[in-house]
Amino acid sequence: MTRVNIADARAHLSGYLARVEAGETITLCRRNVPIAEIRPIRATPAEQRPIGIDRGMTVPESFFEPLPEKLARPFGGVRGHRRGTGGMGGE
């Protein structure tokens, strides 16, 4: 890890940024006291991460079906029933 005072970092910023891009972490100092770090940002994964912790997990089609009335009622949703007349959950 490289320690750099702010004046030196300003004078040679592009060089230090090239080192950061190569994977190095630079510690910025004010009067030789560390105050911040400049480090590389982790690369974005090439593919999307799977849902959940089980890599082989699948969601059954029944998951997307409406809840039975007995379970839906406490949450304000009942199949075939709309609250109010607004169509979007109106009063």
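The values are calculated or read from the model by the stated rules, or taken from the named source; none is laboratory data. Predicted model only: the values in this text are computed from it and were never measured. Please note: Cβ atoms are built from the backbone with ideal geometry, for glycine as well, and neighbour counts cover all protein chains shown. Just so you know, the surface numbers come from the protein's heavy atoms only, side chains and all, with ligands and any DNA or RNA stripped out. Shrake-Rupley method; radii C 1.70, N 1.55, O 1.52, S 1.80 Å.
A few points about this structure:
- Matching residues in the stretch 4-15 - criterion: being surrounded by 13 or more Cβ atoms within 10 Å (Cβ to Cβ) and among the charged types (D, E, K, R): ASP8
- Residue identified as at pLDDT 90 or above, surrounded by 10 or more Cβ atoms within 10 Å (Cβ to Cβ) and assigned to a loop (DSSP other than H, G, I, E, B) among PRO66, PRO40: PRO40
- Scan of the stretch 16-34 for residues that are open to solvent by 50 Å² or more (accessible area, probe 1.4 Å), under 12 Å from VAL4 (Cβ atoms) and without any contact (Cβ under 8 Å) to a residue 24 or more places away in the chain, ordered by number: LEU17, ARG19, GLU24
- Hits in the stretch 69-91 (condition: among the basic types (Lys, Arg) and either modelled with pLDDT under 70 or within 29 Å of the chain's Cα centre (by Cα) (or both)): ARG79, ARG82, ARG83
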